[in-house]
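**Q** The structure follows.
Read-outs throughout are calculated quantities, based only on the coordinates presented, and are distinct from any laboratory measurement. All values derive from a computational prediction rather than experimental measurement. Cβ: placed from backbone, ideal geometry, glycine included. Neighbour counts: every protein chain shown.
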Amino acid sequence: MKTLKTQIAIIGAGPSGLLLGQLLHEAGIETLILERQTPDYVAGRIRAGVLEQGMVDLLRQAGVGRRMDIEGLVHDGFELALNGQLTHIDLKSLTGGKTVMIYGQTEVTRDLMAARQAAGAITLYEARNVQPHDLKSQQPWLTFEHDGESFRLECDYIAGCDGFHGVARQSIPTEHVKVFERVYPFGWLGILAETPPIHDELVYAKHERGFALCSMRSPTRSRYYLQVPAEETVEDWSDQRFWDELKARLPAELAAQLVTGPSIEKSIAPLRSFVVEPMQYGRLFLLGDAAHIVPPTGAKGLNLAASDVSTLFNILLKVYREGRVDLLEKYSQICLRRIWKAERFSWWMTSMLHQFPEADGFSQRIAQSELEYFVDSEAGRKTIAENYVGLPYEAIE
Ligand code: APR
Ligand code: PHB
């Protein structure tokens, strides 16, 4: 078995692992990333698309903001379509000037991969059987296989950035963690199409046929979603059926603007809320989807990954530069305060905008009334806006 050494071993080369790796590298702290998939697979995944200001700033700080600043679309607001009418949520005026950036997670990932390659930092793709060991000791280590060889990787700390199905969370003994979870009785069917977006801002639509979202990746590329029953499959949905259903869920005037075309990607994602506490076990830290999942309605998943990265990065800087190992045990509580607020907002947006098959008439009226109250009141719109643009990152001390 060959032995390798690094300061921070990172499991997973999604946005969490790559961004943490880039920030640490820029700060002179060595990392090695172990990723199960191939680079093409990682770079090809279509995921989120809305970046909060905090994440935009962090990407710039990591030196990977150049293409985002050229190609990203700054959005000052979004539309809620309720009862056949559009209501504008003016993020900028409601939050004293804050906005969001439309820039796909796919592009963020590509920029981070390119920066890591240019920096000469190592990512071992197609790493098999990654397994962390001795997490409670001063010298944790991992074993894995790569290119048919077995390796031992020794490190100071391990960052578990390996998503919801990864090995990091599972390597914490179950009696040390508590899981909080809600699974929703529906999923989102998403398509990507090389068509101009229906509107210049995102449109979140509540409709008795189910929720719909009109998003985009660029002025020529659209991303649309429909709420579908949890058991549905993409084979049930021809492009024509998708477009017809989308039109049926949008206000007529807006639907008339829809430009349709062949889908270039189509997939169904289940909706789930999930949090594990704490996010640390000895020298293992969980970040991003490895520790928490939000339903996509609030556009918070990717942004929460970024705030975890920011927190761990700032702590590790102090650990290596000032010997502040006492800060390590604050990681989980700092992250979880922000995560639970985003969990609440994502749950609320999901509950307000979707049709729940089991809801009785009273619950439906209450949800409708709650949403109308929020939308008709300036205080309500402010609450939606300040959560949507992203709550502030908490200082580490
Ligand atoms: N060994 C090595 N790598 C692994 C393992 C494993 N056992 N298990 C998973 N991975 C890799 C996956 O292949 C993936 O590339 O870890 C990576 C995790 O990436 P993501 O799932 O993208 O998670 P994260 O980086 O936390 O990104 C945050 O925000 O918008 C949301 O869900 C969206 O992925 C997004 C997330
Ligand atoms: C997306 O563009 O993929 C997207 C946008 C907003 C959301 C969720 C997904 O709330």
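**Q** Please compute the contact order of segment 3-131 in relative form: average sequence separation of alpha-carbon pairs under 8 Å and at least six residues apart, divided by the residue count, as a percent.
**A** Numbers: 183 pairs, mean separation 44.9, N = 129.
Taking the mean separation of contacting Cα pairs over the length of segment 3-131, I get 35 percent.
**Q** Express the C-alpha Rg of segment 1-52 as a ratio against the empirical globular expectation 2.2 N^0.38 Å, rounded to two decimals.
**A** Compactness ratio reported: 1.32.
**Q** So which trypsin sites (Lys or Arg not before Pro) in segment 108-144 are both in a DSSP loop and have at most 16 other Cβ atoms within 10 Å of their Cβ? Write out the running numbers ahead of the final one.
**A** Details: sites: ARG110, ARG116, ARG128, LYS136; in loops: LYS136.
Listed in order of number, the matching sites are LYS136.
**Q** Could you tell me which of rounded, prolate or oblate describes segment 38-84, using a ≥ b ≥ c as the square roots of the eigenvalues of the alpha-carbon gyration tensor, with rounded for a/c under 1.5 and, failing that, prolate when a/b is larger than b/c and oblate otherwise? Mind dumping the intermediate values first?
**A** Working: a/c = 2.82, a/b = 1.42, b/c = 1.98.
Note, shape of segment 38-84 comes out oblate.
**Q** What is the local net charge at GLY301, summed over the other residues whose Cβ is closer than 9 Å to its Cβ (Lys, Arg +1; Asp, Glu -1)? Can you show the working numbers first?
**A** Numbers: positive: ARG47, LYS300; negative: ASP289.
Net local charge, GLY301 excluded: +1.
**Q** Mind putting together the pair-distance distribution for segment 148-223? All Cα pairs, 10 Å bins, whole percent per bin, short to long.
**A** 13, 25, 21, 22, 17, 2
**Q** Take peptides 172-180, 266-274 and line them up by average Cβ neighbours within 10 Å, highest first, as a rough protection proxy. Provide the component values of the computation, followed by the final result.
**A** Numbers: 172-180: 11.4, 266-274: 16.3.
By packing density, highest mean first, the sequence is 266-274, 172-180.
**Q** Give the distance, in whole Å, between the Cα centre of segment 107-144 and the Cα centre of segment 327-343.
**A** Spelled out, the Cα-based centre of one part sits 23 Å from the other.
**Q** Would you please name the chymotrypsin sites (Phe, Trp or Tyr not before Pro) within segment 322-370 that are DSSP coil residues with at most 15 other C-beta atoms within 10 Å of their C-beta? Write down the numbers at each step before the final one.
**A** Values: sites: TYR331, TRP340, PHE345, TRP347, TRP348, PHE362; in loops: none.
When the chymotrypsin sites (Phe, Trp or Tyr not before Pro) of segment 322-370 are filtered for loop state and at most 15 Cβ neighbours within 10 Å, nothing remains.
**Q** Right, something else. Normalised by the number of residues in segment 89-195, what is the relative contact order in percent for Cα pairs under 8 Å and 6+ residues apart? All intermediate terms of the calculation are to be shown ahead of the outcome.
**A** On the way: 70 pairs, mean separation 14.0, N = 107.
Contact order relative to length: 13 percent.
**Q** Here's another thing I want to ask about it. Under 15 Å from the Cβ of PRO185, count the other residues' Cβ atoms, weight Lys and Arg +1, Asp and Glu -1, and hand me the total.
**A** Working: positive: ARG182, ARG272; negative: GLU181, GLU231, GLU232, GLU358, ASP360.
With Lys, Arg at +1 and Asp, Glu at -1, the net is -3.
**Q** Then there is this: Determine by what factor the alpha-carbon radius of gyration of segment 1-121 differs from 2.2 N^0.38 Å, reporting the quotient. Don't skip to the end; give the middle numbers.
**A** Values: Rg = 17.7 Å, N = 121, 2.2 N^0.38 = 13.6 Å.
Compared with the compact-globule rule of thumb, segment 1-121 sits at 1.30.
**Q** Looking at segment 1-157, what % of its DSSP beta bridges pair antiparallel, to the nearest 5?
**A** Working: 20 of 32 bridges.
Rounded to the nearest five, the antiparallel share is 60 percent.
**Q** Right, something else. Can you tally the net charge around SER171? Count Lys and Arg as +1, Asp and Glu as -1, for every other residue whose Cβ sits under 12 Å from the Cβ of SER171. Spell out each step's value before the answer.
**A** Working: positive: LYS136, ARG169, ARG283; negative: ASP134, ASP162.
Residues near SER171 contribute +1 overall.
**Q** Further, regarding this structure: Which number comes out as Rg/Rh for the chain once both Rg and the Kirkwood Rh are worked out on C-alpha atoms?
**A** Values: Rg = 21.4 Å, Rh = 21.9 Å.
Result: Rg/Rh = 0.98.
**Q** Which order, highest average first, do 364-374, 148-158 follow once you tally other Cβ atoms within 10 Å for each residue and take the mean per peptide?
**A** On the way: 364-374: 14.3, 148-158: 16.9.
Highest mean packing first, the order is 148-158, 364-374.
**Q** In what sequence, highest mean first, do 4-13, 183-192 appear when ranked by Cβ atoms within 10 angstrom? List each step's numbers first, then the result.
**A** On the way: 4-13: 22.7, 183-192: 20.3.
The packing order, highest mean first, is 4-13, 183-192.
**Q** List the relative contact order of segment 214-351 as a percent without decimals, with contacts defined as Cα pairs under 8 Å and 6+ residues apart.
**A** Working: 113 pairs, mean separation 25.9, N = 138.
Result for segment 214-351 is 19 percent.
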